[in-house]
Amino acid sequence: MSEAATPPPSLDSDPEAYAPSVSGFYQRAGGIVTPLITAVFAFLMGGLVVAATGHNPLDVYRAIFNGAGLNWFFQIGNHHIDIPFTNHHVWFWWDTDTNKTAAFNLTQTLITTAPLILTGLAVAFAFRCGLFNIGGQGQYMVGAIVSVYVGSRFVEMAHIPHVMLAIVLAAVAGAGWAAIAGFLKATVGAHEVITTIMLNWIAYWGGSYLFGRGGPLQNHVQVAVPISDDVVPGARLSAIWGNPALQALHSGIFLAIAALIVFYIILNRTTLGYQVRAVGFNPEAARYGGISVGRNFVIAMAISGTFAGIAGAIDILGWQFRLGVLDVQVSNIGFIGIAVALLGRNTAVGVGLAALLFGSLFNGVSSRSIDESIFPATLAGNLALTIQALILLFIGADLLIVYVWQARKKLKLRPARRTG
């Protein structure tokens, strides 16, 4: 006869015996709750900053929302369908006429969102391997440099092979640039934060030299202008919405969405993803289990650089079509990718939504989008940076909540111990 099972503790002895712990629930729901709380707190604090300037925060946020083109989803279109047997009709909301302000603003927001998705993935994939990839900006810039070189040469190539060649070589360049940091980490233990920052500066000054006056990649038409040759029409990404002459939404958005799917599949459905996550959780335990930690460092950084390199390529081939010294020195897409990855909790869905949030924010506060009568564009740009900084500040909210919860449990146990 088998031994009787030990009965569970009573509620008198343990009030939480039959209820899931809050910390366990938080671990399951934190992937959704924490980013939402973070964004809400950041926008609330930003609203206080707006109020301090004498403006109405609700009006300002509404203007940013409309400036980002998100009101396009709620606009009434010009066509409708009648509901049978009633006197009512339903308006179509998918009016895609980009001559209207909302539609045009939305295309600009999506153009900004696409590279943010990719640079966010570049940071997130390295995070999942326990690496902090600060070098997304350098990897993005290397991809942009390679793509503008390939796109402005080989003028006789057909359209699709030319575009594919530019994107593939940009991805390879980004992967190789990031792999340097992974290799140094795996061989000599150099910290990836230091090496990626150094590689960022190399890309910065390298690009400034290449496109500067007298540089190897300076244009051949205006020698006084420190800028590259233009990408030939056959190497440009196809426009899918809007007028190409007015910076239409290009097909690179599909590459960004595909990258989200690839990111998810690699991490959750492949042996490589399992090894990367195992190294990220505990490198020593992974090494004990037969996983090559150094090899995964190099591969994870290379994949991260691939995402960032593609981001540089789609910006050049999709709408920028040239690259100059000023572009190299003022670009910060790779750095914003850090905030995107942190807010997105290093997940595919989270990174996609966070990229859309930041893309909407930065496009909605531009001088072209926001209504000057509601909030000056100069102040709006600073507001966007403030909200970005606040989001980074509040990213640690989950750690604070867990700490407070653990402290509450300890305080609760102290009277019980004294009584005992």
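The values are calculated or read from the model by the stated rules, or taken from the named source; none is laboratory data. Here the structure is a predicted model, which is why all the values come from computation and not from measurement. Cβ placement follows ideal geometry from the backbone for every residue including glycine, while neighbour counts extend to all protein chains displayed. All accessible areas refer to the heavy atoms of the entire protein, side chains included, with ligands and DNA or RNA removed. Shrake-Rupley method; radii C 1.70, N 1.55, O 1.52, S 1.80 Å.
Which of the residues that make up the stretch 98-151 are under 19 Å from Gln247 (Cα atoms) and more than 21 Å from the chain's Cα centre (by Cα)?
Correct list: Thr98, Asn99, Lys100, Thr101, Ala102, Ala103, Phe104, Val148, Gly151.
Which one of these is open to solvent by less than 40 Å² (accessible area, probe 1.4 Å), closer than 18 Å to Ala122 by Cα and not small (Gly, Ala, Ser): Val279, Val293?
One residue alone meets the criteria, Val279.
Collect the residues in the stretch 38-75 that are modelled with pLDDT under 80 and either farther than 18 Å from Leu356 by Cβ or of a type in the set (Ser, Thr, Tyr) (or both), keeping them in residue-number order.
The answer is Gln75, and nothing else.
Right, Ile253: at pLDDT 95 or above and surrounded by fewer than 15 Cβ atoms within 10 Å (Cβ to Cβ) or not?
Here the answer is no, as Ile253 does not meet what is asked.
Tell me, which residue of the stretch 102-118 that is touching a helix residue (DSSP H, G or I) at 6+ places or on another chain (Cβ under 7 Å) and of a type outside the set (A, V, I, L, M, F, W, C) is surrounded by the fewest Cβ atoms within 10 Å (Cβ to Cβ)?
Out of the qualifying residues, it is Thr112.
On the basis of being in a helix (DSSP H, G or I), hydrophobic (A, V, I, L, M, F, W, C), open to solvent by less than 40 Å² (accessible area, probe 1.4 Å) and without any contact (Cβ under 8 Å) to a residue 40 or more places away in the chain, does Ala300 make the cut?
In short, no.
(1) assigned to a loop (DSSP other than H, G, I, E, B); (2) over 25 Å from Arg295 (Cβ atoms): which one isn't true of Ala144, the others all being true?
(1)
Out of (1) open to solvent by 50 Å² or more (accessible area, probe 1.4 Å); (2) closer than 26 Å to Leu249 by Cα; (3) at pLDDT 90 or above, the odd one out for Asn78 is which?
Answer for Asn78: the failing condition is (3).
This table checks each residue for (1) closer than 14 Å to Arg322 by Cβ; (2) among the polar types (S, T, N, Q); (3) out of contact with any Pro (no Cβ under 6 Å at 6 or more places or on another chain); (4) open to solvent by less than 20 Å² (accessible area, probe 1.4 Å).
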{"residue": "Asn133", "(1), (2), (3), (4)": "no, yes, yes, yes"}
{"residue": "Val155", "(1), (2), (3), (4)": "no, no, yes, no"}
{"residue": "Thr187", "(1), (2), (3), (4)": "no, yes, yes, no"}
{"residue": "Ala190", "(1), (2), (3), (4)": "no, no, yes, no"}
{"residue": "Ile197", "(1), (2), (3), (4)": "no, no, yes, no"}
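Inspect the stretch 382-399 for any residue being assigned to a helix (DSSP H, G or I), farther than 30 Å from Ala114 by Cβ and either of a type in the set (Val, Ile, Thr) or modelled with pLDDT under 80 (or both) and give the result as yes or no.
Within the stretch 382-399, one or more residues are assigned to a helix (DSSP H, G or I), farther than 30 Å from Ala114 by Cβ and either of a type in the set (Val, Ile, Thr) or modelled with pLDDT under 80 (or both).
All but one of (1) assigned to a helix (DSSP H, G or I); (2) at pLDDT 90 or above; (3) open to solvent by 30 Å² or more (accessible area, probe 1.4 Å) hold for Ala355, so report the exception by its number.
(3)
Among the residues in the stretch 51-61, are any open to solvent by less than 10 Å² (accessible area, probe 1.4 Å) and within 22 Å of Thr112 (Cα to Cα)?
Within the stretch 51-61 (the criterion being open to solvent by less than 10 Å² (accessible area, probe 1.4 Å) and within 22 Å of Thr112 (Cα to Cα)), the answer is yes, since at least one residue qualifies.
List pairs: first in the stretch 329-352 and in contact (Cβ under 8 Å) with a residue 12 or more places away in the chain, second basic (Lys, Arg) and part of a helix (DSSP H, G or I), Cβ under 6 Å, 6+ apart or cross-chain?
Asn346/Arg128
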